[in-house]
1. Report the residue count in the stretch 390-412 for those that are crowded, with 22+ Cβ neighbours inside 10 Å and not in a strand (DSSP E or B).
2. List, please: which pairs have Cβ atoms under 6 Å, are six or more places apart or on different chains, and start with a residue in the stretch 381-397 that is among the small types (Gly, Ala, Ser) and end with one that is assigned to a strand (DSSP E or B)?
3. Restricting the first residue to the stretch 303-314 and requiring it to be part of a helix (DSSP H, G or I), which pairs with a second residue that is open to solvent by 20 Å² or more (accessible area, probe 1.4 Å) meet a Cβ separation below 7 Å and a spacing of at least six or different chains?
4. Which condition breaks for GLU387 when tested against (1) touching a Ser or Thr at 6+ places or on another chain (Cβ under 7 Å); (2) part of a loop (DSSP other than H, G, I, E, B)?
5. Go through (1) under 30 Å from MET296 (Cβ atoms); (2) in contact with a Leu (Cβ under 6 Å, 6 or more places away or on another chain) for THR526 and report which single condition fails.
6. Within the stretch 495-543, work out how many residues are open to solvent by less than 60 Å² (accessible area, probe 1.4 Å), polar (S, T, N, Q) and in a helix (DSSP H, G or I).
7. So which of SER30, SER59 is in contact (Cβ under 8 Å) with a residue 12 or more places away in the chain, small (Gly, Ala, Ser) and under 18 Å from LEU94 (Cβ atoms)?
8. Restricting to the stretch 9-32, give me the number of residues that are of a type outside the set (Asp, Glu), open to solvent by less than 70 Å² (accessible area, probe 1.4 Å) and not in a helix (DSSP H, G or I).
Amino acid sequence: MAKSLVVVESPAKAKTINKYLGRDYKVIASMGHIRDLPKSKLGVDVDDDFAEEYVSLDSRKKVIKELKDAAKDATDIYVATDPDREREAIGWHLIQELKGKKRKFHRLTFNEITKKAVQEALNHPRAIDVKMVAAQRARRVLDRLVGYKISPLLWDKVRCGLSAGRVQSVALKLICDREREIEKFVPEEYWHVFARLAGPQPPEFDARLFKKDGETIKVGNEAESKAILERLERAQWTVSSVVTKERKRNAAPPFITSKLQQTSRFPVKKTMMLAQQLYEGGIEIPGLTGGLITYMRTDSVRVADEAVVAVREYIKGAFGDDYVPDKPNVYKTKADAQDAHEAIRPTSLEHDPETVKAYLTQDQYSLYRLIWNRFVGSQMPPATFDETTVDITAADLLFRVKGTVPKFAGWMATYGLTPGETEQKDGNAAGTPGGGDAADDDDAVSGVLPPLAEGDRLELKALRPEQKFTQPPPRFSEATLVKELEENGIGRPSTYASIIGVLQDREYVNKTEGRFKPSALGLMITDLLTKSFDDIIDVEYTRSLEEDLDKIEEGKTDYVKTLTAFYKKFKKDLARAGKEMIDLKKGIEIGEACDKCGMPMLKRVGKFGPFIACSGYPECTNTREVETQEPEPEGGEEEIEPCENCGKPMALKRGRFGPFLACSGYPECKTTRKLIANKTGGLTAAKRDQVLDELCPRCNANLVVKQGRFGEFTACTRYPECKYVKHKTTGVICPKDGDKGGEVVERKSKRGKSFFGCSNYPDCDFVLWNRPILETCPKCAAPYLVEKTTKKHGRQILCNNEECDYARSEELPETAA
């Protein structure tokens with residue numbers, strides 16, 4: 001009997017689903033996309049209704065052969081790719097590749113990888129949603145038209161290797177616009193005035209100046225603050241009003257993709273990778289045969305009825321009846337959400353984070369706990385507290401202070417918080433999910449106030465003025481950039497990680513202290529695109545395109561109509577840009593003469609970004625860096641030690657791997673020094689090479705201490721003629737090359753990971769990943785043991801002999817615990 005074929009995307013998902021299905025089914029992974037537009041050409045016929053030319057991916061040829069071999073005898077093929085627009089298109093491509101006369105194709109969709117969900121999908125298969133596929137095809141063609149039409153223009157006008165993207169360029173513009181806001185920002189001075197006061201009963205508390213003669217007061221400078229202090233020193237302090245109100249903080253809805261990306265403490269790409277692992281069910285957990293969470297690409301806060309019932313039962317058992325609302329909490333999904341899937345939630349309330357912690361990595365556990373707490377809290381009542389506002393008069397001035405008293409923890413209980421706490425748990429501020437009233441940021445807030453009543457006289461203990469300055473808008477972090485993209489309807493949550501990755505790979509932005517700063521190249525590309533393609537990188541226009549794609553999926557418009565409307569204007573803009581875009585390869589005059597030959601200096605773009613060069617090249621090779629605001633070496637440039645070889649000043653330069661120091665006497669002197677990150681987030685000049693009295697054992701030259709990518713190391717001064725590097729020894733004789741003096745030493749891989757190999761490398765290729773210990777195996781007499789530390793077993797001492805099973809457990813050293 002022929003087996004039915006089930007095609008999923010990943011091996012982990014295939015392994016999990018295979019457990020649910022009987023021997024009549026064969027489950028195979030497609031490893032994602034198997035077809036795409038060709039890399040070598042546009043692959044879209046703009047004159048024939050934007051017909052696409054799809055080709056099989058070279059990297060998937062082996063997988064395609066396995067799929068076709070498995071499909072030969074199958075009469076029913078079930079496409080079970082993930083349930084979203086892009087994966088619907090992957091399913092469509094699979095059908096195009098595997099179609100045959102006697103084969104029937106079915107589409108299976110499920111929001112969670114559990115036996116019940118998979119069986120339910122098998123009982124109710126459907127056809128491929130061609131409207132959803134058309135929307136994804138349109139997105140792919142739009143991206144291809146923009147990328148393959150504008151990028152060559154940048155290669156021609158700026159330099160090779162650059163790229164533009166329909167969504168990528170908009171994201172870059174947001175970052176550049178924010179940077180220019182910061183550059184234009186002029187700080188304004190203002191002052192706060194605090195009074196330390198004591199009432200009839202302790203404790204003392206701080207109140208802040210709020211109004212003068214009934215109007216909100218703004219203290220603009222030190223002179224004004226001093227005048228206020230003088231007036232207050234002789235004033236009487238009296239409580240003019242005490243108002244207590246009950247406040248509520250509502251729980252937030254369960255996570256959608258973008259909110260998870262914003263809330264997680266991980267980069268967007270890692271967040272999605274971890275969520276995929278939790279979803280696919282590849283983690284071996286006793287009693288669990290599926291995934292821990294539902295599908296992680298969703299923009300809906302909807303939750304299945306059975307999940308609501310289950311979580312309410314869980315809350316009742318874990319927290320008590322008071323923590324279960326009379327009716328389930330219902331959250332409104334935003335109007336433009338696709339609403340194809342539930343919110344991100346645990347698949348079962350039987351597997352709480354602490355129960356499965358031992359089977360997860362620390363990062364998997366952290367993300368799972370975050371999803372768990374958010375979902376459980378979403379079905380709990382509001383946190384409530386009494387907020388007391390006290391107004392205090394002194395002369396014609398009014399001071400204000402607020403205090404809160406917790407009454408009921410509500411949803412905060414799942415985070416282990418009370419209503420008055422604001423600590424961060426799981427990378428999520430406890431107050432962040434709250435949707436109710438909160439204290440005004442401009443009011444002084446005291447955690448605990450003494451009993452106070454209207455008319456009480458207060459004693460002034462101290463006055464404290466504080467100088468403040470208005471702050472510019474902050475640069476975007478990954479989380480805030482995702483939030484900005486989401487709020488503006490740019491892209492989809494599933495694309496945010498790749499957008500951010502491309503901006504960094506192209507060196508259009510740099511990440512400094514976790515925030516994005518556009519490079520000089522990024523700013524220049526944005527300016528060029530803004531001038532030539534104002535709509536392509538316009539937020540509103542890009543949002544409208546996203547809405548058009550949604551309309552294709554809804555059947556309100558079609559593929560050809562949407563692409564025709566887009567390409568009509570884009571074609572004109574492209575032709576105009578080809579004629580009018582500034583040619584940076586030729587250079588732009590900056591109104592400055594070369595100090596060596598008198599020819600005009602030009603601004604050009606090279607391999608490492610913009611630079612200034614003489615127009616007399618190649619006769620005159622005078623160049624210099626474009627002035628940028630790179631992080632300066634700690635202590636300031638004027639304190640950098642001069643070149644150790646010629647004595648000339650060292651200058652800050654930027655190369656392929658970032659900023660570095662180079663001798664200003666270049667090209668006569670080619671001395672360079674690395675810049676390494678310091679604890680404050682700035683850069684510190686690496687130490688000079690330190691020549692030692694110790695001699696190289698290979699060539700008898702002096703050894704030198706140098707600063708490398710992964711820290712200090714000791715090597716021969718005759719490098720590259722002699723490539724000897726001194727490594728930290730383990731004391732273990734190399735079992736393969738010991739007769740030639742080889743010993744096992746600690747080395748570093750290209751990625752900086754420690755491993756252990758023979759000191760006679762490359763003549764000897766002996767290698768270990770685990771640290772060897774100079775101790776004879778008590779069971780087989782092997783000359784050494786190895787140390788291995790795992791999450792499950794802790795630190796173990798093992799025999800490296802495969803035929804010997806000797807092992808013992810040992811406590812971790814205190815420094816590693």
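1. 4
2. ALA383/ARG249; ALA394/TRP237
3. These pairs meet every condition: VAL308/PRO328; ALA310/LEU349; VAL311/LEU349; ARG312/VAL324; ARG312/PRO328; TYR314/LEU349.
4. (2)
5. Condition not satisfied by THR526: (1).
6. Matching residues across the stretch 495-543 total 5.
7. Values: SER59 fails: in contact (Cβ under 8 Å) with a residue 12 or more places away in the chain.
That would be SER30, the only listed residue that is in contact (Cβ under 8 Å) with a residue 12 or more places away in the chain, small (Gly, Ala, Ser) and under 18 Å from LEU94 (Cβ atoms).
8. Summing the residues that are of a type outside the set (Asp, Glu), open to solvent by less than 70 Å² (accessible area, probe 1.4 Å) and not in a helix (DSSP H, G or I) in the stretch 9-32 gives 9.
The values are calculated or read from the model by the stated rules, or taken from the named source; none is laboratory data. Only a predicted model underlies this, so the values are computations on that prediction, with no experimental measurement involved. Heads up, the Cβs are rebuilt from the backbone with ideal geometry, glycines too, and the neighbour counts pull from every protein chain shown. All accessible areas refer to the heavy atoms of the entire protein, side chains included, with ligands and DNA or RNA removed. Shrake-Rupley method; radii C 1.70, N 1.55, O 1.52, S 1.80 Å.
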